[in-house]
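Here is the structure we will look at.
The values are calculated or read from the model by the stated rules, or taken from the named source; none is laboratory data. Only a predicted model underlies this, so the values are computations on that prediction, with no experimental measurement involved. Cβ placement follows ideal geometry from the backbone for every residue including glycine, while neighbour counts extend to all protein chains displayed. Please note that ligands, DNA and RNA were not included when accessible areas were found on the heavy atoms of the full protein model with its side chains. Shrake-Rupley method; radii C 1.70, N 1.55, O 1.52, S 1.80 Å.
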Amino acid sequence: MTSTKHHSMALQHQNALMWFRQDLRLADNQALTVACDWARENGTVLKAIYIATPTQWQQHDVAPIQLDFIERHINLLAQGLASLGVAFELIQLDTFADVPEFMLDYCQQHSVTRVFAGKEPEINEQLRDQACIESGIPLVLTDEHCLLAPGSVLNLSGGMYKVFTPFSRKWREIAARKAILPLAVPAPLGPVINQPPQLTFINTLKLSSELWAAGEGQAKRLLSEFIQQKVQDYKQDRDFPAIDGTSSISPYLAIGVLSSRQCVAALLQRFPEVIVDDTSPARTWLNELIWREFYRHLLVAFSDLSKNHNFNRQADKVQWRNNPDEFTAWCEGQTGYPIVDAAMRQLNQTGWMHNRLRMVVASFLTKHLLIDWRWGERYFRQKLIDGDLAANNGGWQWSAGCGCDAQPYFRIFNPISQSEKFDPDGSFIRKYLPELASWGIKQLHQPSAAKTPSLFEAPLFNTQTAYPSAIVDHSTARVRALTVLGVLKKAAIT
């Protein structure tokens with residue numbers, strides 16, 4: 001009798017902890033839902049934390065604009081949790097290596113007997129979680145950063161697909177059998193608590209993300225407006241950067257303000273046939289969501305992708321030129337190719353770049369300039385508000401011809417024809433290159449003759465008054481790229 005009473009009292013002093021990571025939302029958050037259910041069933045208190053790790057972020061090249069966006073959502077999350085009766089705390093550490101010891105102490109101090117969190121696909125994050133578990137932290141992980149968890153979409157041999165089309169076919173086959181229903185915001189666990197004070201990341205370089213509205217409500221509104229008004233034209237409009245034809249939800253997906261399940265569920269409400277009908281007008285956008293899942297599944301299946309390795313190891317033999325002056329010209333939007341330069345200036349000014357242009361500038365860097373894709377991937381990560389390792393790595397390796405189901409090494413985007421085709425009236429170019437506002441259309445798409453390599457000098461790209469000559473001639477660069485990247489030929493054939 002005494003033992004039972006003692007056990008009951010001990011239970012009352014148990015607490016649960018929700019550890020937010022890349023899932024900064026209340027709705028459709030499986031880890032939060034499970035945490036709330038467990039706390040309710042056991043009559044315990046639920047607390048919530050987010051761990052800031054500025055040195056780790058720096059090592060991972062997280063963009064200052066994305067960190068500002070995360071900070072804004074941390075504050076909104078704290079307010080939302082307060083309305084559910086859940087106290088939220090921002091923890092400031094340095095790196096992932098500091099997390100296990102801190103968590104162990106935190107759990108002991110606060111009598112935490114369960115820690116709930118969502119899995120992350122990146123290798124350092126997985127190793128951090130493993131270290132926590134090995135330290136004795138009672139970590140319960142849910143797996144929902146994709147609609148279909150990594151490892152659940154496998155080929156007939158039980159392995160990960162290495163080609164997108166059969167992966168997408170199998171993904172749709174599995175998804176079609178599922179009830180895709182987002183979870184509601186959990187019911188309050190107690191009375192509303194005081195609004196928390198303003199939370200600020202310390203020792204963290206941030207850049208204003210005010211061009212992007214913050215909050216789950218804003219993200220859902222963007223998603224709904226896109227599906228109701230634009231998705232049926234997405235296939236036709238998505239390649240034209242002057243048209244507002246894309247969803248603009250990638251920054252919210254990247255930090256988990258929106259989930260994949262919410263996106264697919266919203267799409268199914270408007271286009272119930274989209275998963276099974278190849279002719280659905282919304283299929284093209286669904287495929288983009290499946291590409292996102294494909295790259296995240298790959299990151300889990302092949303941990304080397306988190307370590308800057310080529311997916312196709314044949315690419316280890318590529319002799320990159322890696323000219324630092326040419327890289328600087330590319331970064332600053334001073335290559336002399338207006339479509340490339342306008343795209344890079346869009347990135348530098350807004351923290352975002354249109355998807356077609358991401359392919360154009362990546363092809364230009366890796367094939368025209370023969371600069372290692374890792375340089376470009378890192379620069380993107382340092383600038384993008386929607387930075388995401390899986391998508392960024394996947395896109396860059398695809399463009400360079402060394403990734404999984406990559407664009408062939410011999411397919412080299414012609415920046416002139418890309419410009420003519422996808423910005424026909426030059427409105428996008430003129431927006432970001434105002435110094436070319438008076439140029440005619442033909443001149444806008446046809447850059448001047450390239451400087452010869454012996455005449456190339458960095459100061460050419462520092463002038464404020466004149467637009468630079470083309471950094472390289474397209475035809476010459478194409479021939480050079482085919483020669484240098486020819487080491488991928490064997491792999492491309494087999």
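Could you work out [θ]222 nm for the chain from helices alone, using -39500 (n - 2.57) per DSSP H run of at least four and dividing by all its residues? Round to the nearest 500 deg cm²/dmol. Mind showing how you got there, number by number?
Working: 22 runs with 228 residues, N = 494.
For the chain, the value works out to -13500 deg cm²/dmol.
Here the label points at SER417 and ARG321, each 7 Å from Cα along the C-beta direction, are separated by 2.1 nm in the simple model.
Helix 389-400 axis versus longest C-alpha principal axis of the chain: approximately 20°, rounded to the nearest ten.
Give me the 1.4 Å probe accessible area per residue for the chain, excluding ligands and nucleic acids, in Å². Spell out each step's value before the answer.
Details: 21810 Å² over 494 residues.
Here the per-residue accessible area is 44 Å².
The apolar share of the surface of the chain, taken as the fraction of accessible area on carbon and sulfur atoms (1.4 Å probe, ligands and nucleic acids excluded), comes to 52 percent.
Between LEU156 and SER438, what FRET efficiency follows from the Cβ-Cβ distance if R0 is 56 Å, with the result rounded to 0.05?
Values: r = 60 Å, r/R0 = 1.07.
FRET efficiency, LEU156 to SER438: 0.40.
I'd like the distance between the alpha-carbon centres of the range 377-430 and the range 131-210, rounded to an integer number of Å. Cα centroid of the range 377-430 versus Cα centroid of the range 131-210: 26 Å apart. For ASP237 and ARG378, the difference between the fully extended length at 0.36 nm per residue and the C-alpha to C-alpha distance is 47.9 nm.
What do you get for the angle between helix 30-42 and the principal long axis of the chain? Use alpha-carbon atoms, 0 to 90 degrees, nearest ten. For 30-42 against the chain, the angle is about 0 degrees.
Specify the angular offset, from 0 to 90 degrees and rounded to the nearest 10, of the alpha carbon long axis of helix 216-229 from the longest principal axis of the alpha carbons in the chain. So the inclination is approximately 50 degrees. Partners of LYS442 within straight-line reach, counting lysines whose Cα lies under 19 Å from its Cα and excluding those fewer than 8 residues away in the same chain: LYS421, LYS431.
Based on the Cβ-Cβ distance of VAL487 and ARG169, what FRET efficiency does E = 1/(1 + (r/R0)^6) give at R0 = 35 Å, to the nearest 0.05? Calculated transfer efficiency: 0.65. Counting charges near ASP98 (Lys, Arg +1; Asp, Glu -1) among other residues having Cβ under 12 Å from its Cβ returns a value of -2. Annotation: lysines with alpha-carbon distance below 19 angstrom to LYS230 (same-chain offsets under eight excluded): LYS220.
Dipole magnitude for the chain: computed about the Cα centre from +1 point charges on Lys and Arg Cβ and -1 point charges on Asp and Glu Cβ, it is near 1100 debye.
Using the Cβ-Cβ distance between VAL140 and LYS307 with R0 set to 35 Å, the FRET efficiency works out to roughly 0.80. Segment LEU181..LEU207, full-extension length gain: 5.8 nm, with 0.36 nm per residue of separation and the alpha-carbon distance subtracted.
Compute and list, largest first, the equivalent-ellipsoid semi-axes of the chain from the alpha carbon gyration tensor, each √(5λ) rounded to a whole angstrom. Write out the running numbers ahead of the final one.
Values: eigenvalues 382, 114, 105 Å².
Its equivalent ellipsoid spans semi-axes of 44, 24, 23 Å.
Remark: the range 152-285 projects, on average over all directions, an area of 12.8 nm² (convex hull of Cα atoms). Where the alpha-carbon atoms of the range 222-374 are placed on the principal axes, they occupy 50, 37, 29 Å, in descending order. A protection proxy built from the mean count of other Cβ atoms within 10 Å ranks the segments 339-351, 372-384, 251-263, most packed first, as 251-263, 339-351, 372-384.
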